[in-house]
Amino acid sequence: MCGIVGGIAQRNVSEILLEGLRRLEYRGYDSAGLAAMTDAGVIERCRRMGKVKELEQGLADHPFDGKAGIAHTRWATHGKPSEVNAHPHMSGERLAIVHNGIIENHDELREQLKADGYSFTSQTDTEVIVHLLHKYLQKTSNLSDAVKETVQVLDGAYALGVISADHPGKLVAARHGSPLVIGVGSGEHFIASDQLALLQVTDRFIFLNEGDVAELTADHIHVWDKHNEEVVHDVTRFDHQLGTADKGEFRHYMMKEIYEQPDVIRQCLEGRVSETRLLEQAFGVKAKEVLDQTQAIQIIACGTSYHAGMVAKYWIESLAGIPCQVEVASEYRYRKTVALPNSLFITISQSGETADTLAALRKAKDLGFTASLTVCNVPGSSLVRESDLAIMTNAGPEIGVASTKAFTSQLTALMLLTIALGRRHGMVDQVEEEIIKDLVKLPELVEKAIALDDKIEKMSQAFAEKHNSLFLGRGAMFPIALEGSLKLKEISYIHAEAYPAGELKHGPLALVDKDMPIVTVAPHNDLLDKLKSNLEEVRARGGELFVFADEKSKVKDADGLTVLNMPSCSDLMEPILYIIPLQLLSYHVAVLKGTDVDQPRNLAKSVTVE
């Protein structure tokens with residue numbers, strides 16, 4: 001959520017940093033600040049609550065220039081939104097830092113620093129870092145070495161930018177678990193949490209690796225890896241044709257957004273997980289208090305977001321062991337409802353402006369729910385502003401009306417929430433560690449699923465002249481079947497329905513014939529044998545099956561049965577992985593039928609009316 005911009009140059013960098021913050025406003029934030037090292041050899045700082053324009057006004061009232069500086073937009077995690085908690089943070093008057101991420105051992109470090117005589121003016125974990133850095137600077141005259149010593153004792157995730165009046169002409173950066181890039185210029189260099197913040201000054205970037213520490217001067221860049229070995233990273237040029245507002249090499253936004261999903265999942269995880277642990281402070285200041293009280297969940301959403309909520313129900317009840325209800329917002333808002341004691345009310349929305357979901361949230365505030373939380377992709381939206389907590393999906397702008405990357409990022413965020421709830425209801429550390437490792441590996445598996453695109457395109461030809469289709473799944477894969485059928489009907493205009501596979505004999509089998517293609521998701525889990533029996537029911541009635549099956553499932557091609565093998569993954573990751581081929585199938589069918597893929601008829605991206 002937070003945004004970092006920093007720079008060192010032979011010119012004033014204040015306006016460059018402000019423009020960088022403006023370009024990061026899409027992330028959402030509650031305060032902003034800037035610090036610069038002036039020609040007089042002192043660090044001047046300005047911080048303001050609210051938007052970047054408030055910071056601009058503050059700088060206009062009390063202007064200062066500097067050739068080295070750091071700036072930040074903050075979304076509160078430790079300490080309430082306030083000017084005193086805003087970044088940059090300082091130790092004394094000659095050392096300043098900005099920080100993204102979560103420091104898990106900040107309480108322990110704070111007590112040690114207090115014993116050493118340091119006083120604290122904020123509630124943040126970041127102030128711990130700057131005082132710790134100041135302490136190490138008493139032992140060494142090298143700013144980069146002091147940063148290296150400091151990060152060795154930090155547990156959690158961080159991206160750091162540091163300036164010191166005692167070390168003029170230097171800007172030091174470090175990253176672990178939170179993104180940070182270096183912008184390479186001529187006689188000037190920059191840092192940012194997102195390369196988009198620096199496109200005003202450069203299109204050449206160095207992407208820092210986990211554990212890297214970098215020292216920037218106006219003329220040089222030095223980078224050390226986690227083993228303190230100096231390394232040279234490639235300089236990458238930003239491809240302006242692949243910007244979020246441009247389709248680039250893709251024919252449609254939808255396909256571009258499908259291909260973006262591995263990176264989107266990474267972005268959703270960054271700063272929220274360490275190698276083995278969830279950093280739940282990233283959910284916000286009130287998160288611990290709210291989650292500690294939560295004994296039940298009510299999820300409200302519409303469309304694709306509703307399907308994400310259905311998957312979350314399986315996860316929450318199996319891993320956290322607490323009841324979870326999921327309901328369509330347009331139904332919930334118009335019926336009499338009862339809130340279970342200590343219930344958390346969760347809304348899910350890509351836009352944060354979905355009218356029915358927003359109305360349901362407002363109704364819930366009168367029903368006695370403990371608190372509200374929204375899973376959303378748009379900072380500053382109505383749902384974010386009106387909810388007690390917000391988990392931002394960090395998917396970036398989604399142009400295609402048929403949601404793809406917003407859905408997988410919602411599922412990723414909901415899994416993180418499930419882990420946080422599970423901790424409070426008996427989930428052991430080993431289980432959490434295994435889930436985190438699976439999440440970290442998930443983007444690579446999604447890339448493998450996307451690599452099946454050519455085979456899926458060939459499969460799509462069997463649907464081009466069809467008018468109806470069935471989608472089948474069992475367990476948590478039933479909501480994925482629902483989402484797959486929704487994608488097909490949205491953009492190809494083929495009538496599609498989804499059922500739990502076990503429901504076939506209770507009605508849908510009457511529809512099965514050679515003109516009804518049936519799509520099935522068949523991961524290798526405890527329900528596979530049951531699902532195979534359901535598939536035989538279809539084949540026995542002349543139905544044509546298209547099965548996306550785990551490579552270990554031993555489901556093979558046969559008459560009336562086309563199988564596409566999927567990479568193996570853990571049970572919990574299956575819903576996120578298996579939606580990918582269904583998105584691709586729908587896309588290619590729509591292209592064959594010549595429909596408007598990105599803007600299907602009668603539909604809108606953000607449904608802001610009933």
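The values are calculated or read from the model by the stated rules, or taken from the named source; none is laboratory data. Note that this is a predicted model, so its numbers are computed, not measured. With ideal geometry, Cβ positions are generated from the backbone for all residues, glycine too; neighbour counts draw on all protein chains shown.
Brief remarks follow.
- Residues in segment 313-343 that are acidic (D, E) and buried (at least 17 other Cβ atoms within 10 Å of the Cβ): E327 only.
- Search result, residues across segment 15-28 that are surrounded by fewer than 24 Cβ atoms within 10 Å (Cβ to Cβ) and of a type outside the set (A, V, I, L, M, F, W, C): E15, E19, R22, R23, E25, Y26, R27, G28
- Residue among I221, I258 that is closer than 30 Å to V597 by Cβ and among the aliphatic types (A, V, I, L, M): I258
- Matching residues in segment 193-243 - criterion: being more than 17 Å from Y158 (Cα to Cα) and among the small types (G, A, S): A197, A218, G243
- Filter result (assigned to a strand (DSSP E or B) and among the hydrophobic types (A, V, I, L, M, F, W, C)) within segment 473-503: A496, A498
- Annotation: S91 fulfils all but one of (1) without any contact (Cβ under 8 Å) to a residue 40 or more places away in the chain; (2) closer than 26 Å to Q123 by Cβ; (3) out of contact with any strand residue (DSSP E or B) (no Cβ under 8 Å at 6 or more places or on another chain); the unmet one is (1).
For (1) at pLDDT below 90; (2) assigned to a strand (DSSP E or B); (3) farther than 23 Å from P443 by Cα, each residue gets a yes or a no:
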| site | (1), (2), (3) |
| --- | --- |
| D292 | no, no, yes |
| I299 | no, yes, yes |
| A308 | no, no, no |
| E327 | no, yes, yes |
| G352 | yes, no, yes |
| G368 | yes, no, yes |
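- For E447, the conditions (1) touching a residue at least 12 places away in the same chain (Cβ under 8 Å); (2) under 23 Å from K286 (Cα atoms) are fulfilled apart from (2).
- So E483, is it at pLDDT 95 or above, crowded, with 18+ Cβ neighbours inside 10 Å and of a type in the set (D, E, K, R): yes
Per-residue answers, yes or no, for (1) more than 28 Å from the chain's Cα centre (by Cα); (2) among the aromatic types (F, W, Y); (3) over 28 Å from S318 (Cβ atoms); (4) at pLDDT below 75:
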residue: L509; (1), (2), (3), (4): yes, no, yes, no
residue: N525; (1), (2), (3), (4): no, no, no, yes
residue: N534; (1), (2), (3), (4): yes, no, no, yes
residue: F546; (1), (2), (3), (4): yes, yes, yes, no
residue: S553; (1), (2), (3), (4): yes, no, no, no
residue: D559; (1), (2), (3), (4): yes, no, yes, no
residue: L564; (1), (2), (3), (4): yes, no, no, no
residue: P581; (1), (2), (3), (4): no, no, no, no
residue: N602; (1), (2), (3), (4): yes, no, yes, no
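- Scanning segment 376-383 for any residue that is assigned by the TED database to the domain that holds S403, hydrophobic (A, V, I, L, M, F, W, C) and either part of a helix (DSSP H, G or I) or surrounded by fewer than 19 Cβ atoms within 10 Å (Cβ to Cβ) (or both) turns up at least one such residue.
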